[in-house]
Each structure stands twice: as structure tokens, then as C-alpha cells.
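Input: a single structure, listed below in C-alpha cells.
A short reminder: the numbers here are calculations on the coordinates, not readings from a lab. Please read these numbers as outputs of a predicted model, since none were measured by experiment. So basically every Cβ, Gly included, is an ideal-geometry build from the backbone, and we count neighbours across all protein chains shown.
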């Protein structure tokens with residue numbers, strides 16, 4: 001007869017014999033997960049079409065769990081609802097969760113190839129992703145986009161709304177709190193150990209519309225990344241930034257003073273480079289300049305597939 005107990009290390013020891021009965025203590029490990037946060041605005045939401053996927057990309061990604069926080073509006077009750085589930089296509093724009101059921105969309109973002117590439121780089125690793133993003137959002141409180149789409153600045157106040165002090169940073173914190181309140185994220189009956197490993201940030205377009213806002217982007221980005229690191233309780237966790245790019249809007253017959261979608265995008269791009277240069281554990285992904293677009297603002301499906309891989313590669317310094 002063998003009696004089993006749960007412990008937090010991986011082994012089973014034969015510890016003796018009692019009255020002729022062998023007592024075997026089986027130690028079942030808490031599963032260790034690399035934890036990544038994916039955040040930003042619409043190109044983190046993901047505008048790739050699931051119909052464009054083929055082969056393994058259409059299937060769930062075994063060994064990868066994701067908690068995708070429900071988007072909230074500034075000035076509204078704090079949201080961040082979600083449910084841990086195995087990663088699969090459908091976590092792009094249009095995804096929603098009520099905390100009990102995940103409603104998948106017909107879109108995807110960088111998470112699919114990001115996770116698969118991480119598995120290639122860390123064979124056998126368990127991957128956990130917390131995702132919260134919202135299209136159009138800025139990180140500057142005085143950006144025009146802040147009042148239209150939302151703002152990540154913790155002190156931003158939506159004065160005309162019932163919950164004026166609630167902003168994107170609050171919805172993000174709620175997402176993290178909800179995700180980390182679940183002890184057993186994969187439902188195998190054993191508590192899991194989530195180890196913060198990286199932050200992926202794809203945002204900046206909404207701060208590139210006004211010069212004075214764009215010129216403060218580096219300082220605002222540093223403040224926000226410091227706060228997100230603190231929320232994960234690891235102040236030196238690696239940060240990977242996706243460089244914003246421009247769709248050369250003449251292709252789409254849109255109007256802009258200088259022929260670009262983002263009038264002051266070059267200032268933001270330089271700020272992103274400066275942030276990475278001054279941070280000892282940050283990297284900049286620049287492949288975005290090579291991607292096609294499905295509209296003036298969003299990459300096409302092949303772009304998101306490549307960007308996910310690039311983000312994963314940048315997580316491991318060479």
C-alpha cells in the first residue's frame with residue numbers, strides 16, 4: 001500500500017517500512033511558469049485574421065496559459081475580468097471575457113507566435129501570459145487620444161464620468177490582480193508558481209500626434225514601465241518595446257500635414273530608442289518597418305506572426 005502526499009519539489013522518496021507496509025511519499029511539484037505581460041494599444045490588441053492562419057497556428061498552444069483581461073473604459077467601473085485558458089487563436093481585437101467565459105474573436109495578435117517561439121527558445125518551459133491592451137490609448141494625460149480612447153497615466157482623471165479616477169492603468173492593475181488571484185492556473189489540482197520574466201509593450205502611435213506630447217514620451221514610458229515592473233514585484237524584469245512605424249498613408253489616401261499617419265512619429269521612435277539605450281534590461285524590436293498593413297493603422301496578418309517571433313527573440317539577450 002502506498003500513501004501519497006503533495007509537496008513542492010519533484011521526487012518520490014521511499015522513507016521506510018512500518019509494520020510490514022511500505023510508506024511511499026510522492027511529492028507532486030508546483031508547476032513553474034515563466035510569466036509575461038503583453039500590453040499597449042491596438043497593435044497589441046491584434047488585427048490579424050484567424051482565417052489567414054494555417055497548420056499548427058490554428059491549434060491551441062499546449063503548455064501555454066493566457067489570462068486576457070477584459071477591456072475597460074476610462075471613467076467606468078474597474079474591469080480586468082478574465083479566465084485562465086490554454087492559448088488559442090482569437091485573442092485579437094474583439095475578444096471579451098466576463099470572468100467566467102472567454103468569447104474569442106476572429107482576430108489574433110502577437111501572442112500566438114510569441115508563445116511558440118518562447119517554447120523553441122526554452123524547451124520544456126511552461127509559459128503564462130497576462131494580456132491587457134486597448135486600442136488608441138496614450139501614456140500622456142494631455143494627449144488628445146487620452147480623452148477619446150483612454151490613458152495609461154495613473155493620475156489621469158476622466159472628470160465627466162462616474163468613476164473619474166479610473167483609467168487604463170487601473171484596468172491593467174485589476175487584470176494582474178485577477179490573474180494572480182488564481183493559485184492553480186491550469187486546473188491540474190496543484191498550485192502554480194508564476195515567475196515574472198518579461199514585459200512586451202507595443203504602443204506609442206497615440207502619443208505621436210502632437211509634438212509636445214511626443215517629446216515627453218521617453219519620460220512617460222520610463223515611468224510606466226517602472227510601475228508595471230513594480231506591479232509584477234520585480235523591478236528589473238526584462239522589457240521589450242515594439243518600435244512604432246508608419247503605413248505611408250498615401251497608399252490609403254489619408255490626409256496628414258507631412259504625409260504620415262503619425263505626424264511626430266519620428267520623435268516617439270527616437271524616444272523608444274533612448275529608453276532602451278538607458279535601461280540595462282530592455283530591447284527594441286524594429287522589424288515593424290518591414291510589415292504590410294491591413295489599414296492605415298494596423299499591421300497585416302504576416303506582420304503579427306513575425307512580430308510575435310521577434311518579441312520572443314528579444315527576450316533573450318545575445
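What number in nm² do you get for the chain if you take the convex hull of its Cα atoms and divide its surface by four? One quarter of the hull surface, i.e. the mean projection, equals 19.2 nm².
Neighbour counting of Cβ atoms within 10 Å sorts the residues 101, 147, fewest neighbours leading, into 101, 147. On the beta carbon distance between residue 121 and residue 266, with R0 = 22 Å, the FRET formula returns roughly 0.10. With each run of n ≥ 4 DSSP H residues scored as -39500 (n - 2.57), what mean residue ellipticity at 222 nm is computed for the chain after dividing by its residue count and rounding to the nearest 500 deg cm²/dmol? When only DSSP H runs of four or more count, the value is -7500 deg cm²/dmol.
Over the chain, Cα pairs under 8 Å with separation of 6+ residues give a relative contact order of 20 percent. Expressed as a rounded percentage, what relative contact order does the range 97-188 have, with Cα pairs under 8 Å and six or more residues apart? Once divided by the residue count of the range 97-188, the mean separation gives 15 percent. FRET efficiency for the pair residue 52 and residue 290, taken as 1/(1 + (r/R0)^6) with r the Cβ-Cβ distance and R0 = 22 Å, rounds to 0.80. Using a Förster radius of 22 Å, what is the FRET efficiency between residue 273 and residue 235 based on their Cβ-Cβ separation? Nearest 0.05, please. Approximately 0.50, to the nearest 0.05.
Placing dummy labels 7 Å off each Cα toward the beta-carbon, the span from residue 211 to residue 180 is 4.2 nm. Computed over the chain with a Gaussian network model linking Cα atoms closer than 10 Å, the most mobile of 122, 287, 247 is 122.
Figure legend: label point modelled 7 angstrom from the Cα of residue 190 along Cα→Cβ; residues of the range 53-70 with amide N under 20 Å from it are 62-66.
A Gaussian network model of the chain, with springs between Cα atoms under 10 Å, assigns the largest mean-square fluctuation among 34, 162, 203 to 162.
Between residue 226 and residue 98, the modelled label-to-label distance comes to 4.2 nm, taking each label 7 Å out from Cα in the direction of the beta carbon. The protection proxy used here, the mean number of other Cβ atoms lying within 10 Å of each residue, ranks peptides 131-137, 266-272 as follows, highest first: 131-137, 266-272.
Summary value for the range 189-316: 28 percent relative contact order, contacts being C-alpha pairs under 8 angstrom separated by 6+ residues.
Comparing 209, 48, 40 in a Gaussian network model of the chain, where Cα atoms under 10 Å apart are tied by springs, the biggest mean-square fluctuation is seen for 209.
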